[in-house]
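Peer 1: I am attaching a structure below and will ask some questions about it afterwards.
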Amino acid sequence: MTILVTGGAGFIGSNFVRRWLHRHDELVVNLDKLSYAGNLENLAALSGNRRHEFVRGDICNRELVRSLLSTRRPRAIFHFAAETHVDRSIAETAPFVETNVVGTCTLLDEAKRHWDQLPPSDQNSFRFLQVSTDEVYGSLAADDPPFSESTPYAPNSPYAASKAAADHFVRAYWGTYRLPTLCSNCSNNYGPYQFPEKLIPLTLVNALAGRRLPVYGDGLQRRDWLFVHDHCDALELLLERGRPGETYNVGSGVEQTNLQVVGALCRLLDQVRPLPGSARYEDLIEFVTDRPGHDRRYAIDSAKIRRDTGWQSLTSFDIGLRETASWYLSNSRWLTEVQTGDYRDWINRNYGERASA
Ligand code: NAD
Ligand code: TYD
């Protein structure tokens, strides 16, 4: 049997593919266009693994998607491929519409075409899993209950709007055609192989290089952080036990402010890589101009996925952060290689324009 993974050279996708191949004997076809965020080094541990087929290509390329589906005949599609960084979506919306909306629709269309030709028993077991985000729900007030699956979509960033649009198409393919789709809406992930444009790896690489640690606004925005392996486990369980046509929220259930997260990283580095003399990593924190439309609070109620699949978030933030920091400390070559021209251009553009607050 075979699964098709899109975006499997990115952060979550590559963690998912490695875990999947370790636990199953199925083939994985990994379709990724290798955008700035995709990196074959994330898959280096799989070199020589004959059950992993990497295909460089765009999910918007209908002919390619069609030919992969008809020749590899996957029993499921895990759709990770996306443009994922909120700040980039604020700087330029078009790539988000192209990949997240048009790409997802192309994939859905071709998945339906493939599924239409399957025998009934394979049609019943086929799944299209849309890997989405809690950001589609917009922002919570301090005393609101956490997001549930019935919280109305209210995206505030172009990234969130593009994922919301894609999620609606995923739902519509179930509603209209009964293509067995599921959608998971997960909170912020962290862990090994995350591109250092996102808060946790950015803070780690800046701290290790002695650079300032930019905190947007007052740093009191709240997020639910989930260790990436726990997210991958949730997706596997959704394939086995999730109900087609349903959406599932996934999160750790623990909320923290950005300042708490950066502070925890600083204290961890003070222990494992102390600065000379009495210097502390927290001294590097710098409050900078806030992100426009910055959502104040996300919180997730994961009761449904726990009830329907038995999933649990197993990794405490403390343990997950240690594992993450330790991975970045022992993978300096990976880190150097991803901080290339394109990365430096982005950092200069995003942070050069942000005055200290
Ligand atoms: P990422 O940016 O690290 O990786 C995205 C991958 O998709 C890259 O390998 C990139 O090359 C590939 N890609 C981009 N456009 C493509 C296209 N047109 N065709 C083929 N491949 C393409 O992202 P991530 O953090 O691993 O996120 C994966 C998925 O999980 C996304 O759909 C994202 O919305 C969702 N998600 C992420 C988080 C998070 O905290 N990172 C949380 C919830 C949901
Ligand atoms: P990020 O990792 O970009 O993920 P997302 O925007 O998808 O949640 O940001 C996480 C939080 O950290 C978000 O509230 C913005 C904040 N943040 C900073 O304060 N400073 C930074 O340099 C970055 C990249 C993010």
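The values are calculated or read from the model by the stated rules, or taken from the named source; none is laboratory data. Because the structure is predicted, anything quoted here is derived from the model rather than measured. FYI the Cβ positions are ideal-geometry reconstructions off the backbone, even for glycines, and counts take in every protein chain you see.
Peer 1: Here is a list: S67, S89. Which entry is at pLDDT 95 or above, more than 16 Å from ligand 2 (Cβ to nearest atom) and hydroxyl-bearing (S, T, Y)?
Peer 2: S67
Yes/no per residue for (1) within 11 Å of ligand 1 (Cβ to nearest atom); (2) at pLDDT below 95; (3) among the β-branched types (V, I, T); (4) in a loop (DSSP other than H, G, I, E, B):
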{"residue": "N15", "(1), (2), (3), (4)": "yes, no, no, no"}
{"residue": "W20", "(1), (2), (3), (4)": "no, no, no, no"}
{"residue": "L31", "(1), (2), (3), (4)": "yes, no, no, no"}
{"residue": "L34", "(1), (2), (3), (4)": "yes, no, no, yes"}
{"residue": "N42", "(1), (2), (3), (4)": "yes, no, no, no"}
{"residue": "E53", "(1), (2), (3), (4)": "no, no, no, no"}
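Peer 1: Any idea which residue in the stretch 14-32 is nearest to E240 (Cα to Cα), counting only those that are crowded, with 20+ Cβ neighbours inside 10 Å and in contact (Cβ under 8 Å) with a residue 60 or more places away in the chain?
Peer 2: Of everything passing the filter in the stretch 14-32, W20 is nearest to E240 (Cα to Cα).
Peer 1: State whether the residues of the stretch 168-180 include one that is buried (at least 21 other Cβ atoms within 10 Å of the Cβ), within 14 Å of ligand 2 (Cβ to nearest atom) and part of a helix (DSSP H, G or I).
Peer 2: No; the residues of the stretch 168-180 include none that is buried (at least 21 other Cβ atoms within 10 Å of the Cβ), within 14 Å of ligand 2 (Cβ to nearest atom) and part of a helix (DSSP H, G or I).
Peer 1: Is it the case, given these coordinates, that A207 is within 26 Å of G253 (Cα to Cα) and in a helix (DSSP H, G or I)?
Peer 2: So A207 does not fit the description; no.
Peer 1: Hey, can you tell me all the residues within the stretch 287-312 that are more than 22 Å from Y153 (Cβ to Cβ) and touching a strand residue (DSSP E or B) at 6+ places or on another chain (Cβ under 6 Å)?
Peer 2: Within the stretch 287-312, F287, V288, D290 meet the criteria.
Peer 1: Can you give me the number of residues within the stretch 305-333 that are closer than 16 Å to V228 by Cα and hydroxyl-bearing (S, T, Y)?
Peer 2: Within the stretch 305-333, residues that are closer than 16 Å to V228 by Cα and hydroxyl-bearing (S, T, Y) number 6.
Peer 1: Okay, moving on. Six or more apart or on different chains, Cβ atoms under 8 Å: show the pairs whose first residue is in the stretch 252-274 and touching a residue at least 24 places away in the same chain (Cβ under 8 Å) and more than 14 Å from Q221 (Cα to Cα) and whose second is within 12 Å of ligand 2 (Cβ to nearest atom) and of a type in the set (F, W, Y).
Peer 2: Correct list of pairs: S252/W225.
Peer 1: Related question: Just for the stretch 50-81: of the residues that are touching a strand residue (DSSP E or B) at 6+ places or on another chain (Cβ under 9 Å) and charged (D, E, K, R), which one is surrounded by the fewest Cβ atoms within 10 Å (Cβ to Cβ)?
Peer 2: R50
Peer 1: For the structure I just gave you, tell me whether V136 is farther than 19 Å from L4 by Cα and part of a helix (DSSP H, G or I).
Peer 2: Yes: the conditions hold for V136.
Peer 1: If you don't mind, another one. N100 passes all but one of (1) crowded, with 23+ Cβ neighbours inside 10 Å; (2) in contact with a Leu (Cβ under 8 Å, 6 or more places away or on another chain); (3) part of a helix (DSSP H, G or I); which number fails?
Peer 2: The one condition N100 does not meet is (2).
Peer 1: Taking only the stretch 293-328 into account, find how many residues are surrounded by 17 or more Cβ atoms within 10 Å (Cβ to Cβ), assigned to a loop (DSSP other than H, G, I, E, B) and of a type in the set (A, V, I, L, M, F, W, C).
Peer 2: The qualifying residues number 2.
Peer 1: While we're on this one: Can you tell which of V261, V205, V254 is within 16 Å of ligand 1 (Cβ to nearest atom), of a type in the set (V, I, T) and surrounded by fewer than 16 Cβ atoms within 10 Å (Cβ to Cβ)?
Peer 2: On inspection, the qualifying residue turns out to be V254.
Peer 1: Hey, another quick one. Going by the structure shown, is L220 hydrophobic (A, V, I, L, M, F, W, C), outside any loop (DSSP other than H, G, I, E, B) and either over 25 Å from L40 (Cα atoms) or within 11 Å of ligand 2 (Cβ to nearest atom) (or both)?
Peer 2: Working: hydrophobic (A, V, I, L, M, F, W, C): yes; outside any loop (DSSP other than H, G, I, E, B): no; either over 25 Å from L40 (Cα atoms) or within 11 Å of ligand 2 (Cβ to nearest atom) (or both): yes.
The answer is no for L220.
Peer 1: Across the stretch 347-357, which residue is nearest to the chain's Cα centre (by Cα) among those that are surrounded by 15 or more Cβ atoms within 10 Å (Cβ to Cβ) and within 27 Å of R273 (Cα to Cα)? Even if it seems obvious, please write down each step before you answer.
Peer 2: First pass over the stretch 347-357, keeping only residues surrounded by 15 or more Cβ atoms within 10 Å (Cβ to Cβ): 347, 350-351, 354.
Filter once more, so that each one left must be within 27 Å of R273 (Cα to Cα): 347, 351.
Details: I347: 20, Y351: 22 Å.
It comes out as I347.
Peer 1: Pull out all pairs, ordered by first then second residue, where Cβ-Cβ is under 9 Å, the residues are six or more apart or on different chains, the first lies in the stretch 67-92 and is over 27 Å from N124 (Cα atoms) and part of a loop (DSSP other than H, G, I, E, B), and the second is within 11 Å of ligand 2 (Cβ to nearest atom) and modelled with pLDDT under 95.
Peer 2: H85/W346
Peer 1: Can you tell me which of N100, N156 is on the phi < 0 side of the Ramachandran plot and in contact with a Gly (Cβ under 7 Å, 6 or more places away or on another chain)?
Peer 2: The match here is N156.
Peer 1: Taking the stretch 298-349 on its own, how many of its residues are under 29 Å from R243 (Cβ atoms) and touching a Lys or Arg at 6+ places or on another chain (Cβ under 8 Å)?
Peer 2: Result for the stretch 298-349: 6.
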